[in-house]
Amino acid sequence: MATIRLFHYQCDGTDDRGWGCVWRCAQMLLGSILSADAPVPTLRALMVDMGVDAADTRPAARWIEPKQVRTIVRRWVGPSPAFDLVVYNPVPARMLHTASRDFDRVHADRDSFHADVLCHLRSSAHPVVVDDGTYGYCIIGVEEATACYVIADPHRTHRGTQIRRFPYTDFFAPGRMWMALVTHLLPVSSQMP
């Protein structure tokens, strides 16, 4: 299971309720990639770096999706992480910043999407950032014995409530679109020019 530094709505004084969940997932992913003693950028720092106007109060102006998380991580970590952007049941109307052509893999059925996510979680120490076009989460692990995903939920602000468990069959609800960003750190030798 991924070791995770938890970030959630309002955790650094910014009222990001209603639009900040995927930003918080970006912070959690960065926290899993950066060394344990390295600070994770604040929400405001990430927004400035991405050219998002923090003074614009329209949620859609601040909204990001897993595609933008990939850009954030590359800006703060460098080119070493490789990413796969995958989708189940793409619904273009639910994607503000992502087009169908942006995905590395498109799954027509929930079982193949679930298998893709499980494969990553079994082989990586990094969470999977998922977004259904409304809510974003970090899947940080699996509990095989109970057939549950272990989720870091940035919507939950009370200490002790951010980690939740969802049965596989309940989390990726049929008929809903899900985008996911899976991260693969490249070996040091492949990072060298």
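The values are calculated or read from the model by the stated rules, or taken from the named source; none is laboratory data. All of these numbers come straight from a predicted model, not from anything done at the bench. Reconstructed Cβ throughout: ideal geometry from the backbone, glycine too, with neighbour counts over all protein chains shown. Please note that ligands, DNA and RNA were not included when accessible areas were found on the heavy atoms of the full protein model with its side chains. Shrake-Rupley method; radii C 1.70, N 1.55, O 1.52, S 1.80 Å.
Calculated translational diffusion coefficient of the stretch 70-128 (20 °C, 1.002 mPa s; Stokes-Einstein with Kirkwood radius over alpha-carbon pairs) equals 166 µm²/s. When the chain is described by a simple charge dipole with +1 on each Lys and Arg Cβ and -1 on each Asp and Glu Cβ, the residue from PHE113, TYR137, PHE103 located farthest towards its positive end is TYR137. Between the residues HIS126, TRP63, GLY51, the greatest Cα displacement towards the positive end of the dipole of the stretch 41-193, with unit charges on the Cβ of Lys, Arg, Asp and Glu, is found for GLY51. With helices as the sole contributors, the chain gives -8000 deg cm²/dmol at 222 nm; each DSSP H run of n ≥ 4 counts as -39500 (n - 2.57), and the sum is divided by every residue. Considering only Cα atoms, the convex hull volume of the chain works out to 127 Å³ per residue.
Normalised by the number of residues in the chain, the average gap of Cα pairs under 8 Å and 6 or more apart makes the relative contact order 27 percent. For the set TYR135, TYR149, TYR168, the ranking by accessible area, highest first and with no ligand, DNA or RNA atoms included, is TYR135, TYR168, TYR149 under a 1.4 Å probe.
Charging the Cβ of each Asp and Glu at -1 and of each Lys and Arg at +1, and nothing else, the dipole of the chain about its Cα centre rounds to 200 debye. Surface composition of the chain: carbon and sulfur atoms hold 54% of the protein heavy-atom accessible area at a 1.4 Å probe. The ellipsoid that matches the Cα gyration tensor of the stretch 1-115 has semi-axes, each √(5λ) in whole angstrom, of 24, 19, 13, with the longest given first. Charged side chains reduced to their Cβ positions (Lys and Arg at +1, Asp and Glu at -1) give the stretch 70-148 a dipole of some 380 debye around its Cα centre.
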